[in-house]
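Undergrad: This is the structure I want to talk about, given as structure tokens.
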Amino acid sequence: MAGRRNPPEPRDWDEGFAALTTLWTEPCFAAYSSQQPMERRTNYTCRDFTEAYTLCWDMSTQRAPFNWADELYRGYLHSLASYAQQHVCRGMERSASDDQTLLLELSARWAQYKCMVNDYHRVFIILDRYYLRHNGLVALGPAGRATFWREGCSPSVQHRVKKAILRGAGSGGSSSRSREKRQRGG
């Protein structure tokens, strides 16, 4: 029949995940590690995306013992955790002690991380559709976003962020500009 694709050859886990890392993980890390203003960054092409998506599909739909869906899910979470530890955590630890600067840095890194999770989700969506629902696991998006706080912010950074938020809430949440205006009586 025309248009029918032959079943893929069974993929070995090491070979398949190494290819997925080369096609997807490394370009994503490079794209989202930049400190330029946030916009949709891509260091990968449509062909890279298609190959990574197809590889993920093939690896998660093969028959046992070559079905790597569970390993792909753990690899997805591990990749996001390593990005968070390497780029988010280190950057947040170096950020200024000023509360406002710290919260702005956190906001910028969170925006970058959410975009990266969305890009990852597009490739690994087959897991969301079948494997995770069938096994009652947390969906890719929420699991990836939870990794940001758990893995991307060290306990010391988490403590500093909580203190900065509470200090901001304690001042009534008003900005320094509106406080100056009230003090001047205007």
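Undergrad: What pairs can you find where one residue is in the stretch 54-65 and in contact (Cβ under 8 Å) with a residue 40 or more places away in the chain, the other is surrounded by fewer than 16 Cβ atoms within 10 Å (Cβ to Cβ) and hydrophobic (A, V, I, L, M, F, W, C), and their Cβ atoms are less than 7 Å apart, with a gap of 6+ or different chains?
TA: If the second residue must be surrounded by fewer than 16 Cβ atoms within 10 Å (Cβ to Cβ) and hydrophobic (A, V, I, L, M, F, W, C), the pairs left are Leu55/Ala19.
Undergrad: As an exercise: evaluate Arg5 against (1) basic (Lys, Arg); (2) part of a helix (DSSP H, G or I); (3) at pLDDT below 75 and give the number of the one condition it does not meet.
TA: Of (1) basic (Lys, Arg); (2) part of a helix (DSSP H, G or I); (3) at pLDDT below 75, only one is false for Arg5: (2).
Undergrad: Oh, and also: Which pairs have Cβ atoms under 6 Å, sit 6 or more apart or on different chains, and link a residue in the stretch 117-140 that is closer than 20 Å to Thr21 by Cβ and in contact (Cβ under 8 Å) with a residue 40 or more places away in the chain to one that is of a type in the set (D, E, K, R) and open to solvent by less than 40 Å² (accessible area, probe 1.4 Å)?
TA: If the second residue must be of a type in the set (D, E, K, R) and open to solvent by less than 40 Å² (accessible area, probe 1.4 Å), the pairs left are Leu140/Asp128.
Undergrad: Any idea how many residues of the stretch 72-107 are more than 17 Å from Thr147 (Cβ to Cβ) and either in contact (Cβ under 8 Å) with a residue 60 or more places away in the chain or not basic (Lys, Arg) (or both)?
TA: Looking only at that region, the number is 13.
Undergrad: In the stretch 140-157, what residues are more than 18 Å from Asp70 (Cβ to Cβ), among the polar types (S, T, N, Q) and open to solvent by less than 40 Å² (accessible area, probe 1.4 Å)?
TA: Ser154
Undergrad: List the pairs whose first member sits in the stretch 147-164 and is over 14 Å from Leu102 (Cα atoms) and at pLDDT 85 or above, whose second member is open to solvent by 10 Å² or more (accessible area, probe 1.4 Å) and assigned to a helix (DSSP H, G or I), and whose Cβ atoms are under 7 Å apart, counting only residues at least 6 apart or on separate chains?
TA: Here the result reads Thr147/Leu77; Thr147/Ala81; Phe148/Trp110; Glu151/Ala81; Glu151/Gln85, each pair linking the stretch 147-164 to a residue that is open to solvent by 10 Å² or more (accessible area, probe 1.4 Å) and assigned to a helix (DSSP H, G or I).
Undergrad: Same structure again: Would you list the helices (runs of 4 or more DSSP H) that sit entirely within the stretch 60-139 and hold 1 or more residues that are open to solvent by less than 40 Å² (accessible area, probe 1.4 Å) and of a type in the set (Asp, Glu)?
TA: 99-126
The values are calculated or read from the model by the stated rules, or taken from the named source; none is laboratory data. Quantities reported herein were computed from a predicted structural model and do not represent experimental measurements. All Cβ positions, glycine included, derive from the backbone under ideal geometry; neighbour counts span all protein chains shown. Quick note on the areas: whole protein, heavy atoms, side chains included, nothing else; ligands and nucleic acids left out. Shrake-Rupley method; radii C 1.70, N 1.55, O 1.52, S 1.80 Å.
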